[in-house]
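Asker: Let me give you the structure first, and then I'll get to my questions.
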Amino acid sequence: MDMASPSDDDQQRVALGLVFAIVALVVAAVIGTAVGHRGSSTAKSVAAAAAPAAPAAVVDVAPGSTPLSAQAAADAASITVEYGVVKFYFASGKADLAAGATEALVDVVKGAQGGKKVIISGFHDAKGNAQLNAELAKQRALAVRDALKAAGVAESQITLEKPAQTAGSGSDAEARRVEITLQ
C-alpha cells in the first residue's frame, strides 16, 4: 500500500484551495454580471459606496474547509464569506473596502430587507499604537456600515458592536477585518 507523505497532503490542500478560489471568482463574476445586467439599484448603490482601492476576491468558504483567504494572507483588501459571516479584510493602515463588496453584501441586504438585524464588528492587528488601531477598526466598521446604508439598509437595522477583544486573531492580515452577521 502506497502511503502519501504529509507534504503531498499539503500540496493537495493548496491545490484544492486554489481550485475553490478560482471557482469562487468565476461564480462571483457571473453573479456580478447577472446583477449588473438586471439593473439592480441595490447593486449599483453598493458598488458606488464600496469604492475599492485594489481588486480582490470574494471567497465563499465551505464548511469543513480552511477559512483562510489567500488575499487576506497576502496583506491585501479582500472579502470572504465563512459560515454565513461576511468578513472584510483590510490592507495595513487602510479603511478602503475591497472590490467584490457588491457581491458580498447582496445577501446581507436581502437579510436586512427580510427583517434581520445587521451586526458589524471591527478588529485590528496588534502592531503599532493600540489607540490608533482601535480608531482604524472603527473607521473600517463605519465604511462597511456606509456601504450597507447606500445599498438601502436602514440605519435602525444596523448595529455597530465593539468586540470584547478588538485585536483580531490569526495573522496580522487576518486580524485587520470587519465581520458582518445577521440576527
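The values are calculated or read from the model by the stated rules, or taken from the named source; none is laboratory data. Computed from a prediction, not measured in an experiment: that's the story for all the values here. Here the Cβ positions follow ideal geometry from the backbone for every residue, glycine too, while neighbour counts run over all protein chains shown. Heads up: the accessible areas ignore ligands, DNA and RNA and are worked out on the full protein's heavy atoms, side chains in. Shrake-Rupley method; radii C 1.70, N 1.55, O 1.52, S 1.80 Å.
Asker: Per the 1.4 Å probe, what fraction of the accessible area of segment 72-120, in percent, lies on carbon and sulfur atoms?
Answerer: On the way: 900 of 1810 Å².
C and S atoms contribute 49 percent here.
Asker: Further question: Can you list the residues, at least 5 places off or on another chain, whose amide H is less than 5 Å from the amide H of His124, using H built in the peptide plane?
Answerer: Ala167, Gly168, Arg177
Asker: Right, another one. Per residue, how many Å² of accessible area does segment 133-183 show with a 1.4 Å probe? Walk me through the numbers on the way to the answer.
Answerer: On the way: 2410 Å² over 51 residues.
For segment 133-183, the per-residue accessible area is 47 Å².
Asker: Mind putting a number on the dipole of segment 94-167 about its Cα centre? Charges go on the C-beta only, +1 for Lys and Arg and -1 for Asp and Glu, and I need it in Debye to the nearest 20. All intermediate terms of the calculation are to be shown ahead of the outcome.
Answerer: Working: 10 positive and 8 negative charges, 26 e Å.
It comes to approximately 120 debye.
Asker: At 7 Å along the Cα-to-beta-carbon direction for both Leu142 and Ile119, put a label point, then send me their distance in nm to one decimal.
Answerer: Result for the modelled spin labels: 2.3 nm.
Asker: Using the charge dipole of segment 110-153 (Lys, Arg: +1 at Cβ; Asp, Glu: -1 at Cβ; taken about the Cα centre), state which of Ala150, Leu136, Gln113 has its Cα farthest towards the positive end.
Answerer: Checking the options against the dipole of segment 110-153, the answer is Gln113.
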